[in-house]
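S.K.: Handing you a structure now.
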Amino acid sequence: MKRFLKQSWLDFKGQRAAFSLEEFALMETMYPFVTMVFYCLVAGYAFRTTNLSRWVVGNAFLLCTNTCVFSLGSCFMGERYYGRIRSIITAPISKLEVILEKGFFPCMICIITTFVGFGAGSIVFHVNWSGVNIGLFLVILLIGMASAAGFGLFLATLGLISNQMHLILNLVANLLVIFCGANFPISQLPAAGQLISKLLPLTRSIEASQLLLEGKIAFEQVLSLLLGELGVGAVYVILAFCVVKSAERVAIRKGTLELF
Amino acid sequence: MKSMKQTMNVIWMTMKLQMKQSFARPMFRFCLLINPVVNTIFLYEMFLNSGEDNFMAYVVLGAGLMGLWCCICFSSAGDINRERFSGTLPLIYVAPEGFGTIIFGKICGNTLISLLSFGISYGTAFLLTGKSITIQYPVKFLFAFLTAVTCFVIVSLCVAYFLMLSRKTELYMNLLEIPFELLCGFVFPIEILPKWIQYISNLLAPTWAVRILKESIAKNNMEKETVYYLILGVEVLILVAIAVILYRWMDRSIRKKATLEVS
């Protein structure tokens with residue numbers, strides 16, 4: 001555990017060393033918040049409404065994609081660029097552990113960002129939290145984040161088999177905005193789109209939190225959505241495990257880890 | 001006359017080279033090819049039940065502008081930094097034709113290829129709905145479009161010079177994208193923003209370029225459009241002055257401190 005934390009802190013310091021405290025705060029808090037405001041304003045204009053609660057909640061969930069998709073997903077890009085990926089592949093530790101080490105502190109920041117997003121968004125857009133079960137809401141939020149972290153883990157492993165990670169990560173972040181139901185009802189999408197949304201993390205958490213906010217949720221429904229969310233996260237962790245094992249084998253057999 | 005021809009030749013060759021180089025980068029391909037598609041789908045689904053007249057035009061225009069701005073942020077703005085990391089910045093800086101000409105050529109090349117995002121947005125919208133877009137005054141729209149593109153080239157130039165002074169280009173590139181889309185009314189009119197933010201928006205030249213574009217699609221209010229063109233003209237002139245001042249300041253600083261590759 002001590003080594004885990006030390007490595008995490010070193011990696012976190014390495015990634016953020018170039019930035020001053022103000023720049024760091026701007027990047028981790030202000031920018032995600034402005035993004036959330038942007039989507040909420042688009043929704044307010046497009047749906048002709050001033051009650052933006054469901055969009056504040058939906059987009060606050062998406063704030064954690066910044067960390068789960070970009071921080072976790074891009075973790076092998078830098079290692080390849082700086083020539084450390086060979087050492088990581090040949091080191092006798094689990095590669096998933098390496099990804100978790102790299103994602104630990106960004107995840108902590110992500111939790112803070114998401115809470116700041118909820119708080120600031122609620123103040124700016126006057127979200128009414130009275131009558132909402134805050135404890136249950138926090139459980140939904142944590143499960144949503146865990147599932148998104150599982151997805152991030154899977155994306156990170158793709159960094160071992162592809163050098164197009166910028167493209168992949170940005171595409172995934174955009175797909176989450178479209179298919180997670182944060183901005184418009186999933187029922188609006190064609191059948192294929194609805195299937196994609198079911199395969200993505202956060203869809204069920206966002207649905208559960210929106211229903212909770214509207215006071216329309218039953219215990220069985222929330223349980224089913226949360227179990228589904230956990231299941232999706234678990235599937236991505238298993239997929240990540242399989243991809244890592246396969247990438248390691250291919251890397252050792254072909255010796256092309258740094259070449260493509 | 002010969003010098004002018006030479007300069008144009010350098011700009012054209014730089015544009016061609018830049019378009020090839022940009023397209024080779026995965027992030028630019030995302031901005032150019034994928035971003036307009038996902039933005040069009042997103043805006044289409046958002047505006048589907050909005051009751052907006054001719055909403056397809058706004059979806060295509062919004063997604064196209066977002067695509068163009070994304071390309072500007074992640075390419076035009078960051079090109080100087082890329083040259084710095086490739087070690088070619090000093091070479092183009094001391095090139096006989098002048099650094100400003102080369103940077104202008106690079107930005108023109110990027111902007112030209114980025115215009116493809118409007119075509120992709122239109123194609124995506126057409127595939128989604130099977131409907132074409134009504135532009136009642138095509139000549140006026142074309143003129144407005146060219147004006148907007150010119151405005152974006154000048155803005156890119158300023159941003160590129162501004163970012164040349166910092167090595168944290170990646171941070172600023174990311175920070176520029178969404179706030180500008182929000183402030184300049186790419187997707188929704190800025191009138192829905194609080195009054196104090198509208199003052200900031202009105203100081204930004206792209207806001208007026210977007211207004212002119214949207215006005216030119218379906219409305220025919222010449223008086224209003226003339227005012228918009230005048231304001232945009234003044235703001236673009238200010239931007240040109242800022243670009244010149246930035247360039248001279250940067251040039252002096254580079255020669256005095258010799259920090260072209262390290263600052």
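S.K.: Measure out, as a whole number of angstrom, how far apart the alpha-carbon centroids of the stretch A:172-186 and the stretch B:218-251 sit.
M.R.: Rounded to whole Å, the Cα centres lie 36 Å apart.
S.K.: Take the alpha-carbon positions of chain B, form their convex hull, and give its projected area averaged over all directions (one quarter of the hull surface) in nm².
M.R.: Computed as one quarter of the Cα hull surface, the answer is 15.2 nm².
S.K.: If you build the Cα gyration tensor of the stretch B:1-76 and take the root of 5 times each eigenvalue, what three semi-axes come out, in whole angstrom, biggest first? It would help to have the intermediate numbers written out before the result.
M.R.: On the way: eigenvalues 242, 50, 10 Å².
In descending order the semi-axes read 35, 16, 7 Å.
S.K.: Right, next: How big is the equivalent ellipsoid of the stretch A:5-99 along its three axes, where each semi-axis is √(5λ) from the Cα gyration tensor, reported in whole Å from largest to smallest? Walk me through the intermediate numbers first.
M.R.: Details: eigenvalues 258, 48, 22 Å².
Taking √(5λ) for each Cα gyration eigenvalue gives 36, 15, 10 Å.
S.K.: Based on a Kirkwood Rh over C-alpha pairs, give the Stokes-Einstein translational diffusion coefficient of the protein assembly as shown at 20 °C and viscosity 1.002 mPa s in µm²/s.
M.R.: On the way: Rh = 24.6 Å.
Answer from the Stokes-Einstein relation: 87 µm²/s.
S.K.: Then there is this: Within the stretch A:63-103, which residues have the backbone N less than 12 Å from the label spot 7 Å out from A:Lys254 along Cα→beta-carbon, could you tell me?
M.R.: Correct set: none at all.
S.K.: Using the beta-carbon distance between A:Ala191 and B:Lys16 and R0 = 56 Å, what value does 1/(1 + (r/R0)^6) give for FRET efficiency, to the nearest 0.05?
M.R.: Values: r = 44 Å, r/R0 = 0.79.
For A:Ala191 and B:Lys16, the calculated efficiency is 0.80.
S.K.: How far apart, in nm, are the 7 Å Cα→Cβ label points at A:Arg3 and A:Arg84?
M.R.: 1.6 nm
S.K.: Gap in Å between the Cα centre of the stretch A:95-143 and the Cα centre of the stretch B:71-123?
M.R.: When both Cα centres are located, 38 Å separates them.
S.K.: State, to one decimal in nm², a quarter of the convex hull surface area for the C-alpha atoms of the stretch B:115-195, i.e. the direction-averaged projected area.
M.R.: Details: hull surface 31.2 nm².
Projected over every direction and averaged, the Cα hull of the stretch B:115-195 covers 7.8 nm².
S.K.: Ok, one more. Do the alpha carbons of any pairs in B:Lys106/B:Lys168; A:Lys2/A:Lys245; A:Lys102/A:Lys245; B:Lys140/B:Lys224; A:Lys254/B:Lys20 sit beyond 22 Å of each other, and which pairs?
M.R.: Working: B:Lys106/B:Lys168 20 Å; A:Lys2/A:Lys245 26 Å; A:Lys102/A:Lys245 19 Å; B:Lys140/B:Lys224 14 Å; A:Lys254/B:Lys20 31 Å.
Beyond 22 Å: A:Lys2/A:Lys245; A:Lys254/B:Lys20.
S.K.: Which order do you get for B:Ile154, A:Ile112 if you rank them by accessible area with a 1.4 Å probe, largest at the top?
M.R.: A:Ile112, B:Ile154
S.K.: Mind giving me the FRET efficiency for B:Leu112 and B:Asn174? R0 is 35 Å, r the Cβ-Cβ distance, nearest 0.05 is fine. Write out the running numbers ahead of the final one.
M.R.: Numbers: r = 24 Å, r/R0 = 0.68.
FRET efficiency, B:Leu112 to B:Asn174: 0.90.
S.K.: While we're here: To the nearest 500 deg cm²/dmol, what mean residue ellipticity at 222 nm is calculated for chain A from DSSP H runs of n ≥ 4 alone, each contributing -39,500 (n - 2.57), summed and divided by the residues?
M.R.: Only helices count here, giving -23500 deg cm²/dmol.
S.K.: Still on this structure, I have one more. Could you work out how much longer the chain between B:Thr7 and B:Ile192 gets when fully extended? Use 0.36 nm per residue separation minus the Cα distance between them, nm to one decimal.
M.R.: Details: separation 185, 0.36 × 185 = 66.60 nm, distance 4.47 nm.
Contour length minus Cα-Cα distance gives 62.1 nm.
S.K.: Considering the Cα positions of the stretch B:89-128, please state its Rg to one decimal place and its Dmax as a whole number of Å.
M.R.: Gyration radius and largest Cα-Cα distance of the stretch B:89-128: 16.3, 50 Å.
S.K.: Which whole-number percentage describes the relative contact order of chain B, with Cα contacts under 8 Å and a sequence gap of 6 or more?
M.R.: Values: 296 pairs, mean separation 63.1, N = 263.
Rounded, it is 24 percent for chain B.
S.K.: Something else: Net charge within 11 Å of A:Leu225 by Cβ-Cβ distance, Lys/Arg positive one each and Asp/Glu negative one each, not counting A:Leu225 itself? Can you show the working numbers first?
M.R.: Numbers: positive: A:Arg204; negative: A:Glu207, A:Glu220, A:Glu229.
Residues near A:Leu225 contribute -2 overall.
S.K.: Note the buried accessible area between A and B here, summed over both chains, with a 1.4 Å probe, in Å² to the nearest 100. Intermediate values should be presented prior to the final figure.
M.R.: Details: alone 13430 and 13660 Å², together 24010 Å².
That pair of chains buries around 3100 Å² in total.
S.K.: Could I ask something else about it? Hey, can you find the accessible area per residue of chain B for me, probe 1.4 Å, expressed in square angstrom?
M.R.: Details: 12110 Å² over 263 residues.
Using a 1.4 Å probe on heavy atoms only, each residue of chain B averages 46 Å².
S.K.: Using only the Cα atoms of the stretch A:64-189, what are the Rg and Dmax in Å?
M.R.: 17.0, 54
S.K.: Starting at the first residue of the stretch B:232-249, write each ³J(HN,Hα) from the Karplus equation 6.51 cos²θ - 1.76 cosθ + 1.60 with θ = phi - 60°, in whole Hz, x for Gly and Pro.
M.R.: 4, x, 5, 5, 5, 4, 4, 5, 4, 4, 4, 4, 5, 4, 4, 4, 5, 5
S.K.: Right, next: Sequence gap at least 6, Cα distance under 8 Å: using those rules, report the relative contact order of chain A to the nearest whole percent. Provide the component values of the computation, followed by the final result.
M.R.: Numbers: 304 pairs, mean separation 68.9, N = 260.
It comes to 27 percent, rounded to a whole number.
The values are calculated or read from the model by the stated rules, or taken from the named source; none is laboratory data. Predicted model only: the values in this text are computed from it and were never measured. No Cβ is skipped: glycine too gets one built from the backbone with ideal geometry, and neighbour counts run over all protein chains shown. Protein only, heavy atoms only, side chains kept; ligands, DNA and RNA dropped before computing areas. Shrake-Rupley method; radii C 1.70, N 1.55, O 1.52, S 1.80 Å.
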